[in-house]
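What follows is a short report on a single structure.
The values are calculated or read from the model by the stated rules, or taken from the named source; none is laboratory data. Quick caveat: nothing in here was measured; it's all calculated off a predicted structure. Positions of Cβ are backbone-derived with ideal geometry, glycine not excepted, and every protein chain shown enters the neighbour counts.
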Amino acid sequence: MFDFLIIGGGLSGLVIARELKLKGFKTLLLEKEEELGGNVRTRYEEGFLYEEGPQTILADEEVLSYLKGLRLKPLFAKESAKRRFILKDKKLYELNPKTLIFSNLLSLRGRLRILLEPFIGEGKGEESLEEFVKRRFGEEFLRYIVEPFVSGVYAGDVRRLSVKYAFKRLYEMERKYKSLIKAGLKLKRFAPKSQLISFKGGLKELIEKLKGDLNFSLGDVALRILKKGDYYEVISKRGKYKARSVVITSPAYTLSYLLSNLYPSLAKEFEKINYPPLAVVNLGVVGEIPEGFGFLVPRDQGLKILGVLFPSKIFQGRAKEGYELITAYVGGQTFKEVEGMKEEEILEKVKGEVKEILRVEKFVFERVKLWKRSIPQYELNYGRFFELAKEVEDKFKGIYLGGNYLFGVSTADCIKGGVKKAGEILYNRA
Ligand SMILES: Cc1cc2nc3c(=O)[nH]c(=O)nc-3n(C[C@H](O)[C@H](O)[C@H](O)COP(=O)(O)OP(=O)(O)OC[C@H]3O[C@@H](n4cnc5c(N)ncnc54)[C@H](O)[C@@H]3O)c2cc1C
């Protein structure tokens, strides 16, 4: 009999499993794939160190101190990676307050509209990100600044994402400071800075550290959870396990089968959380890549790529001498058709578009990873999923839910959410 069975060996599940193990509990983690890490997948081939999932962690003090506790040495992004670009009319515009005011990225009218922001009143009801940004900053700021940014974080659609749940901080800033510009200026002075990091061997280093001496079973899909008196039985591909508590950190849609015996009506609800497909294309190139983080593409530019990052410009050691590594993203909520495309088609499209924008002489390395279900979208009325998760936990003592559809989608959210959840679990058990 285990004290805790953890389902899912992504970042969230690993952080929780480690915390519980450290407190001396008998734990077992089940992972469907043959490797741990979930979305985190670092690969090293032909002199290129590339990520098929997340590239970075935006680490605040709490995350940095957690990593220090793991004895992990962060690799900080280069100073020049602060430069981010937006593509408009085949030209890259560096994104900073100066360009916003003095360049042609926005029309004069669009720029003046931003200045009205401090005088705009609070919104009513739950708004989409589109409604929120249009109301506060106007249409152009939405199209050329916010929409591309949303592609970069969620691969999402501004019309569907809820500002209250997907961009909680913006929502709260409006309520507290009445203006985001005022809030930005105020917080800039006081807020501790977050830092963009990875590790020398990529994000996989974090997974390796978390793995430590955890007890886990790979290639072991959890199929169903049954309640048996004062314990649970988890039926999986490899067997049956008994545990006092089960922590489920696999994606929301897995609840439809995991909870099908315990709570069938509610289990189905979680399937409604939308995870659009997303292709990640890593390219080793010879060419001149700008110093910077990468560029994002507004949807009205007629391109399929959502954006391109420049990993070999962000971090040391991503590409062999004389080459650069770039990573393009295609698909997401605004181009779901990517799911039906062949790898060669995706490559051809991406390479064609990249060549129009960057000075690439030749492509020497190409890898495509298609995530059929990528990032959970915190869409309008998302609050009900937090309520449903609580309902499951209240009804079935010893069942816990976690993961990026509840903790927030960033790697930092999953680390902090995992630590917090483990604390709650331990508190309930005490
Ligand atoms: C392409 C991509 C790029 C991203 N880029 C960034 C970025 O640059 N920065 C950032 O901060 N965040 C980024 N993210 C988001 C971030 O990586 C994820 O939100 C985070 O890693 C999710 O961790 P998780 O453990 O909650 O979920 P997951 O990583 O999805 O882990 C869930 C695990 O459960 C397993 N599982 C599923 N079903 C079962 C089952 N029945 N039984 C057992 N195991 C099961 C899965 O195999 C998986 O390992 C990106 C995400 C993607 C997909």
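Cβ-Cβ below 8 Å, separation at least six or inter-chain, first residue in segment 365-376 and among the hydroxyl-bearing types (Ser, Thr, Tyr), second in a strand (DSSP E or B): which pairs?
Ser374/Leu278; Ser374/Gly331
Mind listing just one residue for me: the one in segment 301-323 that is under 20 Å from Leu106 (Cβ atoms) and out of contact with any helix residue (DSSP H, G or I) (no Cβ under 6 Å at 6 or more places or on another chain) and, of those, surrounded by the fewest Cβ atoms within 10 Å (Cβ to Cβ)?
Step by step, filter segment 301-323, then rank; the result is Gly302.
Table: residues versus (1) touching a strand residue (DSSP E or B) at 6+ places or on another chain (Cβ under 6 Å); (2) touching a residue at least 60 places away in the same chain (Cβ under 8 Å); (3) among the acidic types (Asp, Glu).
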| residue | (1), (2), (3) |
| --- | --- |
| Gly9 | yes, yes, no |
| Gly13 | yes, yes, no |
| Glu19 | no, yes, yes |
| Leu30 | yes, yes, no |
| Arg41 | no, yes, no |
| Lys73 | no, yes, no |
| Ala77 | yes, yes, no |
| Leu87 | yes, yes, no |
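Please find, within segment 413-430, the residue that is farthest from Arg244 (Cα to Cα) out of those that are under 21 Å from the mean Cα position of the chain (by Cα) and surrounded by fewer than 22 Cβ atoms within 10 Å (Cβ to Cβ). Reasoning before the result, please.
Start the filter on segment 413-430 by keeping residues that are under 21 Å from the mean Cα position of the chain (by Cα), which leaves 413-422.
Those still in the list that are surrounded by fewer than 22 Cβ atoms within 10 Å (Cβ to Cβ) too: 413, 416, 419-420.
Numbers: Asp413: 27, Lys416: 24, Val419: 20, Lys420: 20 Å.
Step by step, filter segment 413-430, then rank; the result is Asp413.
Answer yes if at least one residue in segment 98-105 is surrounded by fewer than 17 Cβ atoms within 10 Å (Cβ to Cβ), over 30 Å from Arg244 (Cβ atoms) and of a type in the set (Val, Ile, Thr), and no otherwise.
The answer is yes, given that some residue of segment 98-105 is surrounded by fewer than 17 Cβ atoms within 10 Å (Cβ to Cβ), over 30 Å from Arg244 (Cβ atoms) and of a type in the set (Val, Ile, Thr).
Tell me which residues, restricted to segment 164-188, are among the aliphatic types (A, V, I, L, M) and under 16 Å from the mean Cα position of the chain (by Cα). Steps first, answer last, please.
Residues of segment 164-188 that are among the aliphatic types (A, V, I, L, M), as a first pass: 166, 170, 173, 180-181, 183, 185, 187.
Hit for segment 164-188 is Ala166, nothing else.
What helices (runs of 4 or more DSSP H), lying completely within segment 351-430, carry at least 3 residues that are within 13 Å of the ligand (Cβ to nearest atom)? Before you say what the answer is, go through the steps one by one.
Working: elements: 383-395, 404-407, 411-429.
Ranges flagged: 404-407, 411-429.
Every residue, every condition in (1) under 24 Å from Arg318 (Cβ atoms); (2) within 13 Å of the ligand (Cβ to nearest atom); (3) of a type outside the set (A, V, I, L, M); (4) loosely packed, with under 14 Cβ neighbours inside 10 Å, yes or no:
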| residue | (1), (2), (3), (4) |
| --- | --- |
| Leu20 | no, no, no, no |
| Gly24 | no, no, yes, yes |
| Gly37 | yes, yes, yes, no |
| Leu49 | yes, no, no, no |
| Lys68 | yes, no, yes, yes |
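For Val338, state whether it is within 15 Å of the ligand (Cβ to nearest atom), part of a helix (DSSP H, G or I) and surrounded by 15 or more Cβ atoms within 10 Å (Cβ to Cβ).
yes
List pairs: first residue in segment 49-61 and closer than 20 Å to Tyr154 by Cβ, second residue among the charged types (D, E, K, R) and within 8 Å of the ligand (Cβ to nearest atom) anywhere in the structure, Cβ distance under 7 angstrom, at least six positions apart or on different chains.
Matching pairs, first to second residue: Glu52/Lys369.
Inspect all residues belonging to segment 375-384 and state whether any of them is more than 27 Å from Glu127 (Cα to Cα) and at pLDDT 95 or above. Please lay out each step first, then the result.
Going residue by residue through segment 375-384, those that are more than 27 Å from Glu127 (Cα to Cα) are none.
The answer is no, given that none of the residues of segment 375-384 is more than 27 Å from Glu127 (Cα to Cα) and at pLDDT 95 or above.
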